[in-house]
Amino acid sequence: MTNSLTDVPGIRVGHATNLEAATGCTVIICPNGTVGGVDQRGGAPGTRETDLLRPMHMVQNVNAVLLSGGSAYGLAAADGVMRYLEENGIGYNAQGGVIVPIVPAAILFDLAVGRADVRPDAAMGYAACQAASSDVVQQGTVGAGTGCRVGSGMGNEYATKGGIGTASIDLGDGLIVAALIAVNAVGDVVDECGQIIAGMRQAPDVNQFAGSLNMMRALSRIVDTPSDGNTVIGVVATNAKLTKEQVNKVAQMAQDGIAQAIRPAHTMFDGDTLFALATGEIPANVNSIGAFAAEAVAQAIRNAVQTAASLAGVRSLKD
C-alpha cells in the first residue's frame, strides 16, 4: 500500500503540468471492464460525458477519466486522451469495427492563477496519458492541482495554495478503496477535529485563517455577491465488483468526504464532481465501499493542501 489511487490494481495515473502558466491536467486510465459512475454537486460544474455514466444508459464501462484545469477550455484535453486510447486500441467497440474511447471529464477554474491564456489542450491530455503509470501518485502542485487555490475570495495573496491529493484504505483480503482529488475550494479545508488547516488568511503573511463561514455570515444579507472561480473534482476507485447503479451510489456517498474536509462545500461557486470506478475483482458490500470512499476523499483533500507548493503568488502551508 502506497496510500494512493494506484493501490487499486490496474489503475494508472499520469500528470501533465505547466508551472509557468500554473495549470495542468491529470488522467486516470482504467483496466478493461471498469464500471463508472458520477455524482455532481455545486452550482458551477464543467463536465463531459457524465450522462452516459448514469443508470439506465447503455454504456457500462469507462476507459479513462480526465481531471483538468483551464475552466471550460480544459475539456479539450479529453480529445488528446481519446487519441491516445484509440492509438492503443482501447475503447468501446462500435459498429464497423470503430473504437470509441469513453473518457468522462471534469474541469476546475484556475484562470486567475498564472496565465489565463494558456490552458490544458489535446496535446497536454495526450502527454498525461504517456506519463501514466501504476507508481505512487505525485501530490501537490502538479497536474490538475497545479493552479488550485483555497479561500480566494479576497484574492490570491490571501488564499492558500490548493493542489491534488490522494489516499487509499485497505479493507482487508485484498479489497481497496482509494481517492484522488484536486482541491480548488471556496470553503476552508478542515482537519478531523474541524480546525481550519487551509483557507482565506487573515493577512497575506500569516497562517491564521479568517473562516469562510465568518465571511459568509457578514455577506448573508447581500443577495448579489461577487463571483469566484473554484471547484473540487476527483475520482474514487475500488477493485470491488459493483453494478453501475452501485457505482453511482458510491460516487454519491463519496461526496460526504468533501463535506467532511471542506466547510462549506457545494456552493454556487463550486462545481464539485466526483467520479467512481469499480474494476470488478472482488465481491463487496456497496455500503462499506461508499462509506470508506468518503473517508478516502477526506484524507486526499487534506493531503492535497499539505503537499502543495507555492506558485504564482499563491502561498502554500509550507511557506
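Plainly put, the chain has a radius of gyration that is 0.96 times its Kirkwood radius, both from alpha-carbon atoms, as the Rg/Rh ratio. With the simple spin-label model, which puts each label point 7 Å out from Cα in the Cβ direction, the A116 to V136 separation comes to 3.9 nm. By how many degrees, between 0 and 90 and to the nearest 10, does the Cα long axis of helix 244-261 differ from the longest principal axis of the chain? Approximately 20 degrees, to the nearest 10.
Ignoring lysines fewer than eight residues from K241 along the same chain, the ones with Cα atoms less than 22 angstrom from its Cα are K249. The modelled label-to-label distance between M216 and A123, using points 7 Å beyond Cα along the C-beta direction, is 4.1 nm.
Computing FRET efficiency as 1/(1 + (r/R0)^6) for M154 and L19, where r is the C-beta to C-beta distance and R0 is 35 Å, gives about 0.90.
Rg to Rh ratio, region 95-172, alpha-carbon atoms and Kirkwood radius? Let's see the in-between values first.
Details: Rg = 16.6 Å, Rh = 15.5 Å.
Result for region 95-172 is an Rg/Rh of 1.07.
For R149, the residues whose modelled amide H falls within less than 5 Å of its own, excluding neighbours fewer than 5 places apart on the same chain, are G162, A185. Taking the chain as the reference, fit the longest principal axis to its C-alpha atoms, fit the long axis of helix 286-307 to the helix C-alpha atoms, and give the angle between the two in degrees, 0 to 90, nearest 10. Its long axis makes an angle of about 50 degrees. Amide H contacts of F209 (H built 1.01 Å from N, in plane; Pro and chain starts excluded): Q202 sit under 5 Å, all sequence-distant by 5 or more or on other chains.
For Y92, the residues 5 or more places off, or on other chains, whose built amide H falls under 5 Å of its own are V100, I102.
Fully extended, how many nm does the chain gain between D51 and K241 (0.36 nm per residue separation, minus their Cα-Cα distance)? Mind showing how you got there, number by number?
Numbers: separation 190, 0.36 × 190 = 68.40 nm, distance 2.16 nm.
Between D51 and K241, full extension yields 66.2 nm more.
The sum of -39500 (n - 2.57) across all DSSP H runs of n ≥ 4, divided by the residue count of the chain, sets its helix-only mean residue ellipticity at 222 nm to -6500 deg cm²/dmol. With Cα atoms as the point set, the radius of gyration and Dmax of region 196-319 evaluate to 17.3, 52 Å. Here's the list of lysines a cross-link from K318 could span, going by alpha-carbon distance under 21 Å and ignoring same-chain residues fewer than 8 apart: K161.
When peptides 64-72, 183-191 are ranked by their average number of other Cβ atoms within 10 Å per residue, the highest-first order is 64-72, 183-191. The phi-based Karplus calculation (6.51 cos²θ - 1.76 cosθ + 1.60; θ = phi - 60°) puts the 3J(HN,Hα) values of region 158-169 at 9, 6, 10, 5, x, x, 10, x, 9, 6, 9, 9 Hz, whole numbers, x for Gly and Pro. Net charge near V183, counting Lys/Arg +1 and Asp/Glu -1 over other residues with Cβ under 12 Å of its Cβ? Net charge around V183: -1.
Computed from the coordinates by the stated procedures, all read-outs in this text should not be read as laboratory data. Because the structure is predicted, anything quoted here is derived from the model rather than measured. FYI the Cβ positions are ideal-geometry reconstructions off the backbone, even for glycines, and counts take in every protein chain you see.
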